[in-house]
Amino acid sequence: MARILVLSNGHGEDLSGALLGKALKKLDHHVDALPFVGFGSSYSVAGIKTLGSEREFSTGGLGYTSLYGRLTELLQGQLFYLIGRLLRLLSVAERYDLLVVIGDVVPVVAAWLTGLPVVTYLVAYSSHYEGKLRLPWPCSNCLSSKRFLSICTRDQLTADDLTTQLHRNVDFLGNPFMDSVSTSQPPLPSCQNRVGLLPGSRRPELDDNLILILRLMELLPVTKFVDMDISFDIALVPAMEEIALRKLLAPLGWEVCKSISSDSSLKLIRDKCTVNVYRDSFAKVLQSSDVLLSMAGTATEQAVGLGKPVIQLQGYGPQFTDAFAEAQRRLLGPTIFCAAGKVGEENNLKNTGSLIFELLERSQHDLSLQRDCREVALRRLGPAGGARRIATAISKLLVSK
């Protein structure tokens with residue numbers, strides 16, 4: 001079968017690339033990957049070889065970051081790193097029959113420069129942002145090329161929009177990143193109300209986000225914990241090790257305790273506030289939660305795709321800023337909520353706490369909210385199985401060539 005190289009440029013893109021790569025391997029294709037930013041750990045977990053040495057940047061790479069974040073990337077040498085990645089791609093391109101691009105203009109242009117046939121999953125762009133997608137130059141020129149055999153988008157609105165703009169068929173086949181959280185998981189211990197906490201995945205921003213979430217917890221009325229039987233469950237990535245967690249929280253008065261639960265590895269405790277820490281249980285936390293409090297990118301999209309109401313807590317960045325959060329609301333629609341007030345101010349944190357209690361109540365009894373969550377999930381993220389559908393479409397293209 002075909003030799004395929006997957007190009008991606010971000011944490012979420014790597015996840016989709018790894019899931020799509022696994023689906024292609026099941027169809028007997030040889031698959032390698034070249035992540036343009038980050039370590040490409042998703043590929044390693046999926047058993048897919050990555051080319052060259054990888055490097056992580058503090059912002060997570062190319063994306064919707066603050067000006068400070070972009071300057072930080074430049075100072076860390078991201079531009080030279082990207083040039084090195086491009087040269088690596090050009091040096092190995094002749095070994096492959098097809099490139100699969102997951103991301104935005106950077107890997108799209110890089111793929112075009114190789115002269116190879118390309119399939120694109122354009123996950124970074126959506127017409128939901130502005131109503132009509134304005135592709136950056138020279139992305140539209142590349143996508144119009146006959147060497148770009150197929151284009152898939154992240155939602156139906158974007159597929160319809162680009163079909164008109166590019167004068168060619170553009171498909172919406174679902175989002176591979178939904179596959180990793182759609183398989184049914186054993187539930188977390190029984191509780192009347194569950195709030196999942198998603199602080200993000202990249203340090204040092206993760207540290208700041210976690211502190212902000214715990215500040216919010218300290219402002220919640222203690223009586224609510226008992227009256228509403230609420231469990232707060234945080235999905236923490238391995239990058240935040242226990243030693244680092246203890247060091248971060250000790251000055252804040254939070255105690256890090258071992259948990260006797262088989263699921264929860266640790267508990268964070270201050271006075272009567274308790275947060276259960278879950279590692280390697282991300283899908284389980286998403287599926288078990290009634291409401292999610294999020295400071296994340298792809299994880300928020302996955303929560304919405306599962307039909308969950310999500311509350312944003314805006315942070316200081318460099319990624320999850322107020323601008324990023326506002327763009328995310330346009331992308332994901334009416335089941336994303338954000339409290340009034342400036343980032344980090346007590347008023348904003350208190351308003352966010354009030355939103356948590358309001359949405360916990362609505363998630364149980366408001367049929368219109370439940371209906372909206374289901375409809376948004378299908379319309380903006382699509383059903384599970386996106387990786388399999390895209391992989392099958394790629395195989396059919398290769399056969400017909």
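The values are calculated or read from the model by the stated rules, or taken from the named source; none is laboratory data. Keep in mind the model is a prediction, meaning the values are calculated, not measured. Positions of Cβ are backbone-derived with ideal geometry, glycine not excepted, and every protein chain shown enters the neighbour counts.
Out of curiosity, is Ala340 at pLDDT 95 or above and among the aliphatic types (A, V, I, L, M)? No.
Each residue in region 296-330 was checked for being of a type in the set (Ser, Thr, Tyr) and over 23 Å from Asp179 (Cα atoms), and 2 of them qualify. Being under 16 Å from Gly297 (Cα atoms) and hydroxyl-bearing (Ser, Thr, Tyr) is the filter here; which residues of region 183-236 pass it? Residue satisfying the conditions is Ser201 alone. A Cβ distance below 6 Å, combined with a sequence gap of six or more or placement on separate chains, defines the contacts here; from region 353-380, residues that are within 21 Å of Leu197 (Cβ to Cβ) reach residues that are hydroxyl-bearing (Ser, Thr, Tyr) in the pairs Cys373/Thr335.
Counting only residues that are in a strand (DSSP E or B) and buried (at least 21 other Cβ atoms within 10 Å of the Cβ), how many does region 99-150 have?
Number satisfying all stated conditions: 9.
Helices (runs of 4 or more DSSP H) fully within region 213-323 that include at least 1 residues being under 27 Å from Thr335 (Cβ atoms): 222-227, 282-288, 298-305.
In this structure, does Gly200 turn out to be within 30 Å of Tyr278 (Cα to Cα), under 22 Å from the mean Cα position of the chain (by Cα) and in a strand (DSSP E or B)? Full working, then the answer.
On the way: within 30 Å of Tyr278 (Cα to Cα): yes; under 22 Å from the mean Cα position of the chain (by Cα): yes; in a strand (DSSP E or B): no.
Answer is no for this residue.
Residues that are among the acidic types (Asp, Glu), within 22 Å of Ser368 (Cβ to Cβ), assigned by TED's automatic domain parsing to the domain that holds Arg215 and surrounded by fewer than 22 Cβ atoms within 10 Å (Cβ to Cβ) are absent from region 305-325 altogether.
When we screen Arg388, Arg371 for residues that are surrounded by 17 or more Cβ atoms within 10 Å (Cβ to Cβ), in a helix (DSSP H, G or I), of a type in the set (Lys, Arg) and at pLDDT 95 or above, the only hit is Arg388. Of the listed requirements (1) over 22 Å from Gln319 (Cα atoms); (2) touching a residue at least 12 places away in the same chain (Cβ under 8 Å); (3) of a type in the set (Asp, Glu), Asp207 misses just one: (1). Checked against (1) within 21 Å of Leu89 (Cα to Cα); (2) under 20 Å from the mean Cα position of the chain (by Cα), Thr114 passes all but condition (2). Selection of region 329-350 for residues being surrounded by 13 or more Cβ atoms within 10 Å (Cβ to Cβ) and not in a helix (DSSP H, G or I) yields Gly333, Thr335, Ile336, Phe337, Cys338, Ala339, Gly341, Val343, Gly344.
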